[in-house]
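The values are calculated or read from the model by the stated rules, or taken from the named source; none is laboratory data. These numbers were taken from a predicted model, which means no experiment stands behind them. As a convention, Cβ positions derive from the backbone with ideal geometry for all residues, glycine included, and neighbour counts pool all protein chains shown.
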Ligand code: SF4
């Protein structure tokens, strides 16, 4: 049975929140892939796969949070189910074996390597995020691009400092020199893309990994965000150091509001 919209009464069986991965191409077009983390299979499952599963009950749309979940009988109380529980914020202990699937940022915005830094800057500002994965044609991570990368690139391009008096040569055959005042400088019309500024992905995590594995890896590698991938290597989430802190605070019983700014 497939149902879109609220279901009457309480759900006696677990719900698993849908995740979405949006990929922006160099033409500005977006493609979206929606999956759910199946705790029984310990991997991502597509919505059609769930709908053909014998344990599937319904798709549930929660109007206040505007999130859609798969309702099915997995016979276990997962971390994702706990996050839907109003008492989740006062859970009583830290579980370092908690799976990433219930902690990571589930709705991820990605870009292809050909997207320009100007477009990336616009996306970061528009969506209030500070970084995003760069993915290949299969949706597999090849790098991470962050505000720090953009600032470094801008500085290297000379966008942040005045240059000395310069001369602009307009014609190589019959040179026409125009002297520029101090403060003006010549910028070559180079198209800088995600590929040029990204930090190549050297570490990533499978979605079934635990939070203790993730925290250890991030600390060891000195990175603030990691792409989380499914069995086939596609990006299904992103884990930031702030996600880890938020999870820890909630696990200790503190009320932590939902993120206003994703990282
Ligand atoms: S419906 Fe089936 S495949 Fe989908 S999450 Fe539930 S148990 Fe897994």
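Got a sec? Which of 201, 223, 244, 228 is buried (at least 22 other Cβ atoms within 10 Å of the Cβ) and within 15 Å of the chain's Cα centre (by Cα)? Lay out the reasoning, then the answer.
On the way: 201 fails: buried (at least 22 other Cβ atoms within 10 Å of the Cβ); 223 fails: buried (at least 22 other Cβ atoms within 10 Å of the Cβ); 244 fails: buried (at least 22 other Cβ atoms within 10 Å of the Cβ).
Matching residue, one of 201, 223, 244, 228: 228.
Can you give me the number of residues within the range 21-46 that are touching a residue at least 24 places away in the same chain (Cβ under 8 Å) and away from the ligand (no atom under 16 Å from the Cβ)?
7
Please go through the range 140-156 and give me each residue that is closer than 12 Å to residue 120 by Cα and in contact with a helix residue (DSSP H, G or I) (Cβ under 7 Å, 6 or more places away or on another chain), ordered by number.
145, 147, 149, 150
Of the residues in the range 47-66, how many are within 16 Å of the ligand (Cβ to nearest atom) and either at pLDDT below 85 or under 14 Å from residue 14 (Cα atoms) (or both)? Lay out the reasoning, then the answer.
Step one: of the range 47-66, the residues within 16 Å of the ligand (Cβ to nearest atom) are 47-60.
Then keep just the ones that are either at pLDDT below 85 or under 14 Å from residue 14 (Cα atoms) (or both); that gives 50, 55-60.
Number of matching residues: 7.
Between a first residue in the range 148-160 that is under 14 Å from residue 196 (Cβ atoms) and a second residue that is modelled with pLDDT under 85, which pairs have beta carbons less than 7 Å apart while being 6 or more apart in sequence or on different chains?
Short answer, once both residue conditions are applied: 154/160; 157/187.
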